[in-house]
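> Just passing along the structure, written as structure tokens.
The values are calculated or read from the model by the stated rules, or taken from the named source; none is laboratory data. Here the structure is a predicted model, which is why all the values come from computation and not from measurement. Methodologically, a virtual Cβ is constructed for each residue, glycine included, from the backbone with ideal geometry; neighbour enumeration extends over all protein chains shown. Only protein heavy atoms, including side chains, enter the accessible area calculation; ligands, DNA and RNA are left aside. Shrake-Rupley method; radii C 1.70, N 1.55, O 1.52, S 1.80 Å.
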Amino acid sequence: YEKSIGVLDISKTMLKFQEFMKEHYSEKDTAFLEREGRLVFMSFLKPIINGKGFMWKEPVVGDERRMDIVVTYGKEQKEVIELKIWRGEEYHQEGLKQLSDYLDFQGIKNGYLLIYDFRKDKKYRSENINFADKEIFAIWI
């Protein structure tokens, strides 16, 4: 999933995770994923990063708010991936604002949003979102 030598393509990696989840997801998994969605995603990422970088849950940033996952790759790449459960458009906008604030804190203009959508009529999709002065790549699972 490298764009070029030493650069991890997080968008492509997230789309591959979306494919994986679409193939293997069952409604029986909903309760587990609501609790452990971060663990599943981090387990998917670990072999991709494979010693070329690190990932961690950021425990606390400014104002006692928490980022979900920070990924470093190679010497200079740093990415922020926020995980959310779909709870409607208003909550989604709050999540975009939260991610934008996290990106400001980290000095980054691009971020990623992984949305677990447990509605029966959900659609697996991706979207590039311009929010504030940020570019956010979002996927729905």
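> Could you check how much of the accessible area of the stretch 78-141 is carbon and sulfur, as a whole percent, using a 1.4 Å probe?
47
> Could you sort out which of 22/109; 84/122; 52/109; 46/134 sit more than 24 Å apart by Cα distance in this structure?
Exceeds cut-off: 22/109; 46/134.
> Could you check which residue among 16, 75, 46 shows the biggest mean-square fluctuation in a GNM of the chain with a 10 Å Cα cutoff?
Among 16, 75, 46, the largest mean-square fluctuation in the Gaussian network model of the chain belongs to 75.
> From largest accessible area down, sort 72, 13; use a 1.4 Å probe on the protein chains.
The most accessible residue leads, giving 72, 13.
> Roughly how many Å² of residue 41 are accessible to a 1.4 Å probe, to the nearest 10?
Looks like 0 Å² after rounding.
> Still on this model: Sorting 24, 92 by accessible area (1.4 Å probe), largest first, what list results?
The most accessible residue leads, giving 24, 92.
> Also, quick follow-up: Grab the Cα-Cα distance for residue 98 and residue 22, subtract it from 0.36 nm times how many residues apart they are, and report the gain in nm with one decimal.
That works out to 24.7 nm of additional length.
> In addition: Averaged per residue, what accessible area in Å² does the chain show with a 1.4 Å probe, protein chains only?
58
> Using +1 at the Cβ of each Lys and Arg and -1 at the Cβ of each Asp and Glu in the chain, identify which of 41, 113, 137 lies farthest towards the dipole's positive end.
Checking the options against the dipole of the chain, the answer is 41.
> For the chain, take N as its residue count and report Rg(C-alpha) divided by 2.2 N^0.38 Å.
Against the compact-globule rule of thumb, the ratio is 1.01.
> Once you have the Cα-Cα distance between residue 54 and residue 32, take 0.36 nm times their residue separation minus that, and quote the gain in nm to one decimal.
The residue 54-residue 32 span can extend by a further 5.4 nm.
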